[in-house]
1. Which of (1) of a type in the set (A, V, I, L, M, F, W, C); (2) within 20 Å of Arg147 (Cα to Cα); (3) out of contact with any strand residue (DSSP E or B) (no Cβ under 6 Å at 6 or more places or on another chain); (4) at pLDDT 95 or above is the odd one out, the single condition Cys111 does not satisfy?
2. Just checking, which of Val38, Val64 is within 24 Å of Cys146 (Cα to Cα), out of contact with any Ser or Thr (no Cβ under 7 Å at 6 or more places or on another chain) and modelled with pLDDT of 95 or more?
3. Quick test for you: out of Leu77, Leu126, Leu145, pick the one residue that is assigned by TED's automatic domain parsing to the domain that holds Ala161 and not in a loop (DSSP other than H, G, I, E, B).
4. Quick test for you: out of Gln100, Gln131, Gln110, pick the one residue that is out of contact with any helix residue (DSSP H, G or I) (no Cβ under 7 Å at 6 or more places or on another chain) and without any contact (Cβ under 8 Å) to a residue 60 or more places away in the chain.
5. Does Ser71 fit the bill of being in contact (Cβ under 8 Å) with a residue 12 or more places away in the chain, surrounded by fewer than 13 Cβ atoms within 10 Å (Cβ to Cβ) and in contact with a strand residue (DSSP E or B) (Cβ under 8 Å, 6 or more places away or on another chain)?
6. Among all residue pairs at least 6 apart or on different chains, which show Cβ distances below 7 Å where the first residue, located in the stretch 45-61, is part of a loop (DSSP other than H, G, I, E, B) and the second is among the charged types (D, E, K, R)?
7. Of the residues Thr166, Thr121, only one is more than 30 Å from His25 (Cα to Cα), β-branched (Val, Ile, Thr) and in a helix (DSSP H, G or I); which?
Amino acid sequence: MSDRSLPMHRPRKVRQTLTVNGETHDVLFDGYKTLLEVLREDLGLTGTKHGCELGECGACAVLVDGEPLLSCLMLALECSGREITTIEGLADGNELHPLQAAFADLGGSQCGYCTPGILLTAKALLERHPQPNREQIREALSGNLCRCTGYEQIFESVEAAILKMTARSEASR
């Protein structure tokens, strides 16, 4: 049998509606693509980072229905009807989320490569548990690797954001 007699297989294109950062996107992509690839390549949301692509570093973490998930391990096909939040959706317009502000003020990020995944993972933690202690923060962020900060500034930044969010919540009562 010659190569010419074998059928040519083209990647199957999929049209799907994805809700990302509160906006609906009609996207046509190859069915084998990960959520990470669709976010970066098809939607232009490059804040989510390619890291190890093995699910070991956390650089690609996004929120899917409020839970931190590794977008390098998730097919985009699995995301229909789900709410996806990337780092681009964390701020409220021009106002930084308290986590973003604290990281900027306290040096919680150095090169910034791991920061989007850490911020989104921390946001999910604070949504579930608004007053975590240092050990709970450490545990929640244990899947996010950083080679620059030594983690102390990261934990301090999350704690500062907690204080800011608590004060904001009490002031609005």
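1. It fails just one condition, (4).
2. Numbers: Val38 fails: within 24 Å of Cys146 (Cα to Cα).
When all the criteria are applied, what remains is Val64.
3. Numbers: Leu77 fails: assigned by TED's automatic domain parsing to the domain that holds Ala161; Leu145 fails: not in a loop (DSSP other than H, G, I, E, B).
From the options Leu77, Leu126, Leu145, the qualifying one is Leu126.
4. Details: Gln100 fails: out of contact with any helix residue (DSSP H, G or I) (no Cβ under 7 Å at 6 or more places or on another chain); Gln131 fails: out of contact with any helix residue (DSSP H, G or I) (no Cβ under 7 Å at 6 or more places or on another chain).
Only one candidate passes the filter, namely Gln110.
5. On the way: in contact (Cβ under 8 Å) with a residue 12 or more places away in the chain: yes; surrounded by fewer than 13 Cβ atoms within 10 Å (Cβ to Cβ): no; in contact with a strand residue (DSSP E or B) (Cβ under 8 Å, 6 or more places away or on another chain): yes.
Considered against the rule, which asks whether it is in contact (Cβ under 8 Å) with a residue 12 or more places away in the chain, surrounded by fewer than 13 Cβ atoms within 10 Å (Cβ to Cβ) and in contact with a strand residue (DSSP E or B) (Cβ under 8 Å, 6 or more places away or on another chain), Ser71 comes out as no.
6. Within 7 Å, the pairs are Leu45/Glu88; Thr46/Arg40; Gly47/Glu88; Thr48/Arg40; Ala59/Lys49; Cys60/Lys49.
7. Numbers: Thr121 fails: more than 30 Å from His25 (Cα to Cα).
Going through Thr166, Thr121 in turn, just one is more than 30 Å from His25 (Cα to Cα), β-branched (Val, Ile, Thr) and in a helix (DSSP H, G or I): Thr166.
Per-residue answers, yes or no, for (1) of a type outside the set (Gly, Ala, Ser); (2) out of contact with any His (no Cβ under 7 Å at 6 or more places or on another chain); (3) modelled with pLDDT under 95:
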position: Gly117; (1), (2), (3): no, yes, no
position: Ala122; (1), (2), (3): no, yes, no
position: Glu127; (1), (2), (3): yes, yes, no
position: Pro132; (1), (2), (3): yes, yes, no
position: Glu135; (1), (2), (3): yes, yes, no
position: Ala140; (1), (2), (3): no, yes, no
position: Gly143; (1), (2), (3): no, yes, no
position: Cys148; (1), (2), (3): yes, yes, yes
position: Ile154; (1), (2), (3): yes, yes, no
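The values are calculated or read from the model by the stated rules, or taken from the named source; none is laboratory data. This one's a predicted model, so the numbers in the text were calculated from it and none came from an experiment. Here Cβ is always computed from backbone atoms with ideal geometry, including for glycine, and neighbour counts include all displayed protein chains.
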